[in-house]
Structures are given as structure tokens and as C-alpha cells.
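Asker: Mind having a look at this structure? Questions to follow.
Every read-out reported here was derived from the displayed coordinates using simple, explicitly stated rules and does not represent laboratory data. Since the structure is predicted, the reported quantities are computational estimates derived from the model, not experimental observations. We place every Cβ from the backbone using ideal geometry, glycine too, and count neighbours over all the protein chains shown.
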Amino acid sequence: MTDDDTIARFAKEHNWHPDFLALLVESNWCCVYCGRSFMADHHLYFAFTHDHLVPSSKDGSKDGQHNLVAACDSCNKLKGKWNPLEANPGLTTKAELLKVCREYVSARLLDREARVGKARAAAEALGLWLAP
Ligand SMILES: [Zn+2]
């Protein structure tokens, strides 16, 4: 168990806002959507963002930490301003909101991967890219 002093000292020494550090600890330093670790390398470490499960533009900001999660910038952009409450107005807990947001982002990630796969195959077929 980590005490508040340890968290505060780490936040100060490593230049993290305590609220964002709390999100990272809560997710074990992983993006809640793709699962990649922010500790894997410098690209991911500095790709940390905080995502509002209910977009702040949809009044999600009023819930504070209960509405925030640790997300990599790529997943945060994929989720965009999608509001889980529009299709699921009965959701109330962070776990419920996170579940449907994760499903939404996962579907968009699969779509993106398919698009990259098609581009990769086309580029290779045309000799524009040499597969390693
Ligand atoms: Zn991610």
C-alpha cells in the first residue's frame, strides 16, 4: 500500500499532477482502452492523456475524478467527443461508463487496423513499401 506522502513525493519529483498520477496508479500505468503501458517507452510515457468518459462538453466535467481515466493520446482521439450516455442513458458508475467507452474505442481501433492493413498490402503490391 502506498501512502499519500509517497504519492505526493513521486508526483513532485516526476512532474505529474497528483490527480493525473492517481489515474495512472488506478490503471496500473496502462491506457484503459488499448492496455498499452505508459512505462513501455518514452513514446507511451509522454502519450499519457486524461480522457473524460462523458465528454466535458457534455457536462462530464462536473464528475471530476469519477469521470476521468488514463488514456493514450491515440485512443483519446479515437474516442473523441463520443458520449456513452447518448446510447446508454441509464449508466451511472465509472465502471459502467468505462465498459461501453472501451467497446466503442475497441471497435474504432479494429477499423483503423483494418485500414492500415489494406494500405500496407496495397503499398507492398505497388512496390511502394518493402515488408521487413
Ligand atoms: Zn490506448
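Asker: Using only the alpha carbons of segment 1-116, determine the length spanned along each of the three principal axes and report them from longest to shortest in whole angstroms.
Answerer: 41, 35, 24
Asker: With a cut-off of 8 Å between alpha carbons and a minimum separation of six or more residues, what is the relative contact order of the chain in percent?
Answerer: Contact order relative to length: 19 percent.
Asker: Sticking with this one: Taking loop as defined by DSSP and a crowding limit of 12 other beta carbons within 10 Å, which chymotrypsin sites (Phe, Trp or Tyr not before Pro) in segment 22-60 fit?
Answerer: Phe46
Asker: Please order Val69, Val32, Val25, Val116 by the number of other Cβ within 10 Å, starting at the fewest.
Answerer: Val116, Val25, Val32, Val69
Asker: Report, largest value first, the span of the C-alpha coordinates of segment 81-125 along each principal axis, in whole Å.
Answerer: 49, 16, 12
Asker: Name the long-range amide H neighbours of Cys30: under 5 Å, sequence gap of 5 or more, or other chain; modelled H, no Pro or chain starts.
Answerer: Under 5 Å from the amide H of Cys30: Phe38.
Asker: Work out the count of Lys pairs in the chain where the Cα-Cα distance is under 23 Å, with the pair 8 or more places apart or on different chains.
Answerer: 18
Asker: While we're looking at this one, here's another question. Pop out the ³J(HN,Hα) list for segment 4-15 in order, Karplus 6.51 cos²θ - 1.76 cosθ + 1.60 with θ = phi - 60°, rounded to Hz; leave Gly and Pro as x.
Answerer: 3J(HN,Hα) across segment 4-15, in whole Hz: 4, 5, 5, 5, 5, 5, 4, 4, 5, 5, 10, 6.
Asker: Residue by residue through segment 104-120, what is 3J(HN,Hα) from phi via Karplus (6.51 cos²θ - 1.76 cosθ + 1.60, θ = phi - 60°)? Round to whole Hz and write x for glycine and proline.
Answerer: 5, 5, 4, 5, 5, 5, 4, 4, 5, 4, 5, 5, 5, x, 5, 5, 4
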